[in-house]
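Enquirer: Have a look at this one.
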Amino acid sequence: MRISVFVVVFLLLSVTADLCLCSNSTSFGCFEQERQALLNLKHSFYRDPLSPPILPSWEGHQCCQWEGIACNNVTGHVVKIEIRGGCVSCTSSWDDTADIEPKYDELFTDLYVEHLNTSLLHLKHLTHLDLSGVLLGSSPIKFFGSMQQLRYLSLLTEFEGMIPSSIGNLTNLRVLHIRSFYQAYSDDLSWVAQLSSLQYLGFNGVDLSKAHNLFQVLNMLSSLSQIHLFDCGLGNMPIPLHPINLMNLTNVQVLNLASNNLKDPVLDAFRNMTSIRFFHISQNSLTSLPQWFDKLNKLVGLYLAGNPFSGRFLANLQNMTFIRDFELSNTNLYSVPSWLSKCKNLVKLGLANNFLHGSILYALRNLTSLTVLDLSDNKLTSISVWLGELKSLIHLDLQRNAITSAEEGSLASILGNMCHLQKFYMSGYKLQGEVFPSISNMSGCNNYDLEVLDLSYNNFSDELPSWLGKFKNLNYLDLSSNSFSGPILDTLGELVNLTWLALSSNSFSGANLWSLAKLENLEFLDLSSNFFTGVIPWSLGKLKNAMFVSLACNHLHGNIPHSLGQLTNLYTLDLSSNSLEGTISHLERWTPTKSLSTLCLSNNQINGSIPENLGEIMPHLVNLALDNNHIKGSIPTSLCKLRELESLDFSSNKLSGRIPDCWRKGLVEDIDLSSNNLSGVLPNSIWNMSSLVWLHLNNNSLQGELPLSLNFKKLLILDLGENQLSGGIPSWKNDTFPQLQILRLRGNMFNGTVPSNLCQFAKLQILDLANNSLKGAIPRCIGNITGMALDTKILSNGTEVNATKQWNQEDVKQVIKGRELDYTKNLVLLTNLDLSNNRLDGPIPKELSSLCGLHGLNLSYNNLSGEIPDMIGDMISLESLDFSDNQLFGAIPSSMSSLTFLSHLNLSNNNFSGPIPRGNQFQVLDDPLIYTGNPFLCGVPLKTICPGGDSHQDPHGGDYEDEAKENDKSDKMMFDSVIALGFATGFWGIIGVLYFKKNLRYACFAYVDEVADRIYVAIVLKVAKLKNMLQ
């Protein structure tokens, strides 16, 4: 009896000891040596200084209570360290027999270590080490081989070199996973063979293409149950001449060979591993599946996505009716095999990104066990009503197909009857008609599990139904880019679990946004581009978790509520394009926030002065846009302290004073201070901002001269127009603006000559130096600006720029076709050269004709002389040409008639002579004002008749009148010939038949006699009747 009691007590103590391992707390405190070792480990980590603190819980003396640390509560020793995904994973239990598969596909890290501290060696009892959330640098990891007590080791590395063989000393390892970012490699895996207890082997991104003994080593590890060789270059291994026999791997249940560029023959190495339950061979180069696949009778998960299969590659799988997880996305499928309907146990089916067409496949109707169905990115055209019968579905993805219709009630069946559906994606269709079922159809379920509903980018026009509040678990709702209308109902405020609400680009209206204040879990709110009215409710300040809020492009008015300044988690606030009023200075009352990165208040009616301490209230601003308001005062110097600032737009306001001279090199890419009342000289610090891509300072009262030495390696637009800048245009070196594509200096007081150095900026597509006091000749090298040549266009392909803003967000004013236009979205397509209203002299260089991609050319109001180059007709892209008010002379070149896109021409007030060319484009350029002020010009459309007495004289001296007469004579002869031919055809078509056919001739004459008799009788009767009436 005592022995039995002793055994029971012993067992209870053992169980208690094991249970104690499930707690982070310990009654023994923490061994000081181990605590110091952990602190040394922490101090070796680093991350971005602006990120949260590193391992903040690792403070104090109770290290067993630190996040990610587990201790044995019997001994008090640290047995487990787990730092995953950029932060620690709070581990409440430690059991080395538990889930042995690291979720490496979901890892994210922002922790780094260059030299890992060897203090880990002091943790003598450590058996579980997971540093998959820490990127190990170039420091060698050889010392891990001394930690022979380890049973679990997971590492994330970025060093280039061979995996140290000393890891083979860890003979107690059950789990080994190494992920490499920079192609660590191993060409000899003999050390892996020493890990005889290994159950999980994972190499991710480790180059094994030269590991000659890979398969032999694998065959020696009979305890393996999972093999993960993800992105290891196995497809580059030489194919062995003799067959590979992996007979010892009888326990392997998971085999992952994804992303290896495998070809068909390599798979034969695994033909005898019939114990496999999950086989991952996605993202390879397989074109078919071997016949031995039908022997994998234990397979429940097969992942084939991203292979260029062809033909009936699924034929060898038709007996796999027991499969539960089948991934066939991006496999060139044109149809689904009929045998798939027999897979009654199928739970997950991926068919995305294929060529499936027509209605949703009827073969899927019998798969009533399906929980996940992905049909996205196909060519399906309609939705079937029977889809609602798959009531086990929890994830349904139909987005980005060609669906234009849905069977009546199909959407009602999906939303009303699929009680367990959690995620439903149906975006990108342009689908019209009823989207929401009626109230009566929403009674199919007592509770709904729906969490994600995405119907964006369709053409639905319903109002929001009141029953939407039934989806109590909904946390993601995206109805953006539709035609929904009406108000936001109060029931929307009942969806208290919502974290994402996107209703942008619809026709919602009303002023009842206050109901959204109940959504206290909301993180993303986008109501932009609707017709909401009224004021912004102060209650939106209750959305304490909000990170993104956009109310842009509505009809909201009133002040910006102070309560929005209490949203300390906010990253983006966009209230642009409304009619908001009030003073910008109220921002100084906002609670300082470390999260706000984008503040956009553009296109409103806000006034007042920018708070001087704005840069301190919002120290992490990246994008600040206050343009198109009524803001006055000066630019606060605190903005210079914004280390993360990338874009600053204060354009079209009433700002005055000087531009602060305190700018850092930093990250700033875009500065737009145009259309204000700024004055003073340009600050030197702005010229040192080498990160600038766009710089707009035009339409101010800035003074001074431009510096010779600049360093704008990334600059694409430099717009300093409409200021009071003076001096000469500097002769910048060709490496000053290597990427510059728009240079606009018009409307200043620049003097001197046009520097020939500008010709070195080969990517220039707009050069605007108009309205200055430049003199001298136009440089002949201007024809070297290849950015204005058709065959070397740089911007017209719309290439995206590696910057916060893109070309379609920029605007530049240009004078084209005699009018000043504001180019925005089509700015990327424009090429223009404007040197007008200066004092330039000399001839127009013939080299200018090589700029065949130029859309606009304006040299008006100068002192240019000489003739227009004969080759000007080569500038085939010209739409606007202005040479007016110069001293040009000679004939207008006939080659200009080939400028078929030319719609605006001005040659007035020169000394041109001779006839105006005719034909082609000159037929539409018939406004006399084009040529006025040239007394020696003649011909249409002028009233002056050219010598010879005809106003239509050919420019080459030919007799146009004779040619016209010849043309008239030819036309008359053609007309006469057609008349004669018609007469002959008609005459002989009737008379000829009557001549050769006697019977027809007699019948015709008899009919004529009969008609004549009838006419005669009718006349006689009418005459007799008339006589009787007269009598």
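The values are calculated or read from the model by the stated rules, or taken from the named source; none is laboratory data. Because the structure is a prediction, the values reported are computed rather than measured. Counting neighbours? That spans all protein chains shown, and the Cβs are built from the backbone with ideal geometry, glycine included. Surface accessibility is based on the protein's heavy atoms, side chains included, excluding ligands, DNA and RNA. Shrake-Rupley method; radii C 1.70, N 1.55, O 1.52, S 1.80 Å.
Enquirer: Check every one of the strands (runs of 3 or more DSSP E) wholly within segment 213-303 and list those with 1 or more residues that are farther than 20 Å from Val192 by Cβ and in contact (Cβ under 8 Å) with a residue 24 or more places away in the chain.
Expert: Because the criterion is at least 1 residues that are farther than 20 Å from Val192 by Cβ and in contact (Cβ under 8 Å) with a residue 24 or more places away in the chain, the strands (runs of 3 or more DSSP E) in segment 213-303 that meet it are 278-280, 301-303.
Enquirer: So, one more: Please tell me if Arg643 is under 26 Å from Gln806 (Cβ atoms) and surrounded by fewer than 20 Cβ atoms within 10 Å (Cβ to Cβ).
Expert: Yes: the conditions hold for Arg643.
Enquirer: Read through the list (1) among the small types (Gly, Ala, Ser); (2) open to solvent by 40 Å² or more (accessible area, probe 1.4 Å); (3) in contact with a strand residue (DSSP E or B) (Cβ under 7 Å, 6 or more places away or on another chain), then give the number of the only condition that Ser836 fails.
Expert: Looking at each condition in turn, Ser836 falls short on (2).
Enquirer: Could you check segment 220-239 and list, in sequence order, the residues that are more than 38 Å from the chain's Cα centre (by Cα) and open to solvent by 30 Å² or more (accessible area, probe 1.4 Å)?
Expert: Matches in segment 220-239: Met220, Ser222, Ser223, Pro238, Ile239.
Enquirer: Hey, can you tell me all the residues within segment 668-697 that are in a loop (DSSP other than H, G, I, E, B), open to solvent by less than 20 Å² (accessible area, probe 1.4 Å) and either without any contact (Cβ under 8 Å) to a residue 12 or more places away in the chain or closer than 22 Å to Ala770 by Cα (or both)?
Expert: Selection gives Leu673, Ser674, Asn676, Leu682, Leu697.
Enquirer: Looking at segment 557-581, which of its residues are among the acidic types (Asp, Glu) and without any contact (Cβ under 8 Å) to a residue 40 or more places away in the chain?
Expert: Answer for segment 557-581, where residues must be among the acidic types (Asp, Glu) and without any contact (Cβ under 8 Å) to a residue 40 or more places away in the chain: just Glu581.
Enquirer: Looking for something of a type in the set (Ser, Thr, Tyr), out of contact with any Leu (no Cβ under 9 Å at 6 or more places or on another chain) and touching a residue at least 12 places away in the same chain (Cβ under 8 Å) - is there at least one such residue anywhere in segment 582-591?
Expert: Yes, some residue in segment 582-591 is of a type in the set (Ser, Thr, Tyr), out of contact with any Leu (no Cβ under 9 Å at 6 or more places or on another chain) and touching a residue at least 12 places away in the same chain (Cβ under 8 Å).
Enquirer: Among the residues of segment 483-512, which ones are at pLDDT 90 or above, among the hydrophobic types (A, V, I, L, M, F, W, C) and under 20 Å from Ser461 (Cα atoms)?
Expert: Scanning segment 483-512 gives Leu501, Ala502, Leu503, Phe508.
Enquirer: Moving to a separate point now. May I ask you to list pairs of residues, at least six apart or on different chains, whose Cβ atoms are under 8 Å apart, with the first in segment 339-368 being farther than 24 Å from Leu299 by Cα and open to solvent by 80 Å² or more (accessible area, probe 1.4 Å) and the second being part of a strand (DSSP E or B) and of a type in the set (S, T, N, Q)?
Expert: His357/Thr381
Enquirer: Any residue that is under 26 Å from Tyr200 (Cα atoms), in a loop (DSSP other than H, G, I, E, B) and over 39 Å from the mean Cα position of the chain (by Cα) - is there at least one of those in segment 323-345?
Expert: no
Enquirer: Please count how many residues of segment 258-276 are surrounded by fewer than 17 Cβ atoms within 10 Å (Cβ to Cβ), of a type outside the set (S, T, N, Q) and either closer than 17 Å to Ala305 by Cα or in contact with a Cys (Cβ under 9 Å, 6 or more places away or on another chain) (or both).
Expert: Residues flagged as surrounded by fewer than 17 Cβ atoms within 10 Å (Cβ to Cβ), of a type outside the set (S, T, N, Q) and either closer than 17 Å to Ala305 by Cα or in contact with a Cys (Cβ under 9 Å, 6 or more places away or on another chain) (or both) within segment 258-276 amount to 2.
Enquirer: In addition: Residue by residue through segment 543-555, note down the ones that are in contact with a Leu (Cβ under 9 Å, 6 or more places away or on another chain) and without any contact (Cβ under 8 Å) to a residue 40 or more places away in the chain.
Expert: Answer for segment 543-555, where residues must be in contact with a Leu (Cβ under 9 Å, 6 or more places away or on another chain) and without any contact (Cβ under 8 Å) to a residue 40 or more places away in the chain: Leu543, Lys544, Ala546, Phe548, Val549, Leu551, Asn554.
Enquirer: If we scan segment 584-595, do we find a residue that is open to solvent by less than 30 Å² (accessible area, probe 1.4 Å), within 25 Å of Asn700 (Cα to Cα) and at pLDDT 90 or above?
Expert: Checking segment 584-595: at least one residue is open to solvent by less than 30 Å² (accessible area, probe 1.4 Å), within 25 Å of Asn700 (Cα to Cα) and at pLDDT 90 or above.
Enquirer: Go over the candidates Leu708, Leu716, Leu740 one by one and state the one that is more than 22 Å from Cys640 (Cβ to Cβ), among the hydrophobic types (A, V, I, L, M, F, W, C) and either free of Cβ contacts under 8 Å to residues at least 12 places away in the same chain or open to solvent by 40 Å² or more (accessible area, probe 1.4 Å) (or both).
Expert: Leu708
Enquirer: Here's another thing I want to ask about it. Can you tell which of Ser14, Ser51, Ser25 is modelled with pLDDT under 80, open to solvent by less than 90 Å² (accessible area, probe 1.4 Å) and either on the phi > 0 side of the Ramachandran plot or over 51 Å from the mean Cα position of the chain (by Cα) (or both)?
Expert: Ser14
Enquirer: If a residue has to be at pLDDT below 90 and of a type in the set (A, V, I, L, M) to count, how many in segment 643-667 make the cut?
Expert: Going through segment 643-667 one residue at a time, the tally reaches 1.
Enquirer: Hey, another quick one. Considering only residues that are modelled with pLDDT under 95 and among the small types (Gly, Ala, Ser), look in segment 753-772 and name the one that is most open to solvent (accessible area, probe 1.4 Å).
Expert: Once the filter is applied, the top-ranked residue is Ser756.
Enquirer: Which residues, taken from segment 904-919, are in a loop (DSSP other than H, G, I, E, B) and touching a Gly at 6+ places or on another chain (Cβ under 8 Å)?
Expert: Ser908, Asn909, Asn910, Ile916, Arg918
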